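What follows is a set of notes on a single structure, which appears directly below.
What follows is calculated from the coordinates using simple rules that are stated; it is not laboratory data. It should be emphasised that the depicted structure is a prediction, and the values quoted were computed from it without experimental measurement. Virtual Cβ from ideal backbone geometry, glycine too; neighbours counted across all protein chains shown.
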Amino acid sequence: MNFAVIQFPGSNCDQDCLAALRGIDGIQAEYVWHKETSLGKADAIVLPGGFSYGDYLRCGAIARFSPIMRSVVEEAHAGKLIIGICNGFQILCEAGLLPGALVRNRSLHFICEQVHLRVEATESPFLHGLSFGEVLQIPIAHGEGCYFADEKTLRSLNAHQQVLLRYCDAQGRVTAAANPNGSVENIAGICNRERNVFGLMPHPDRACEARLGSSDGARIFQSMLHSLGVVEAAA
């Protein structure tokens, strides 16, 4: 399966994503520059972390207007799998592909640390290989990772099981102390109603090998690969 890793000026996790994806059997991954207008034969799209366009205006606000984003939006509406990691999550929200927004961390400081995440829903191409309530360990690295949405949006997200990951402690308890950035309802990752677009602040690309402290992130990419294989087999 072919994965496209979008490169924006200021991306700094594109290499992490490429290395993580190429380390998984069955995945071929290549860069796509932000000025391109086509994603070619990509089966899935990755928007990596970093500081696209220097995070001027707002995180992801300028990247949303990159030439390649027109194709990303078109592919999203066509049902293609898209995952946005950290800055990629911010870009997906700015582009209107996911609801809500990412704002300054509660502490107003950049945070880089390992966190625990509880799996909240498995009926998606990104987490179907995992178990409800399972705890993952994946690192974060952001200054504006506090997820915010109004009450109406939160009710809709919860009603349609679009919250896929929540910050928790090592025992899976969702508490204020386990929330690293002040995100509403401890939300760490959400998907769209159609379940083919996923945004999360933690970095699965930095948790794909045991020597990095965790290989839990690889399971997200493996889930995507499996989902694509099922779709291809059914076609």
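Residues whose amide H lies under 5 Å from that of Val5, counting only those 5 or more places away or on a different chain, are Glu30, Tyr31, Val32, Val46; hydrogens are built 1.01 Å from N in the peptide plane.
Please compute the contact order of the range 1-94 in relative form: average sequence separation of alpha-carbon pairs under 8 Å and at least six residues apart, divided by the residue count, as a percent. After rounding, I find 32 percent. Where a ≥ b ≥ c are the square roots of the eigenvalues of the C-alpha gyration tensor, would you call the range 2-234 rounded, which needs a/c under 1.5, or, failing that, prolate if a/b is larger than b/c, or oblate? Since a/c stays below 1.5, the shape of the range 2-234 is classed as rounded. Would you mind counting up the charge near Arg211? Only other residues with Cβ under 15 Å from its Cβ, with Lys and Arg at +1 and Asp and Glu at -1. Charge balance near Arg211 sits at -3.
Computed extension length for Ile24-Thr37: 2.0 nm, one decimal, from 0.36 nm per residue of separation with the Cα-Cα distance subtracted. Ranked by the mean number of other Cβ atoms within 10 Å of their residues, highest first, the peptides 201-213, 149-161 come out as 201-213, 149-161.
Placing pseudo-labels 7 Å out from each Cα toward the beta carbon at Arg58 and Ser131 gives an inter-label distance of 4.0 nm. Over the range 28-76, all Cα pairs binned in 5 Å intervals from 0 give whole-percent P(r) values of 4, 20, 30, 25, 14, 5, 1, listed from short to long.
Taking trypsin sites (Lys or Arg not before Pro) across the range 1-67, the ones in a DSSP loop with at most 16 further Cβ atoms lying within 10 angstrom of their Cβ are Lys35, Lys41, Arg58.
Taking a sphere under 15 Å around the Cβ of Tyr167 and counting the other residues whose Cβ falls inside, with K and R at +1 and D and E at -1, yields a net charge of -2. Build a GNM of the chain with springs between Cα atoms under 10 Å apart, and of Ile91, Ile111, Ile82 the one that fluctuates most is Ile111. Label positions at Thr153 and Asn12, each projected 7 Å from the Cα along the C-beta direction, are separated by 2.6 nm.
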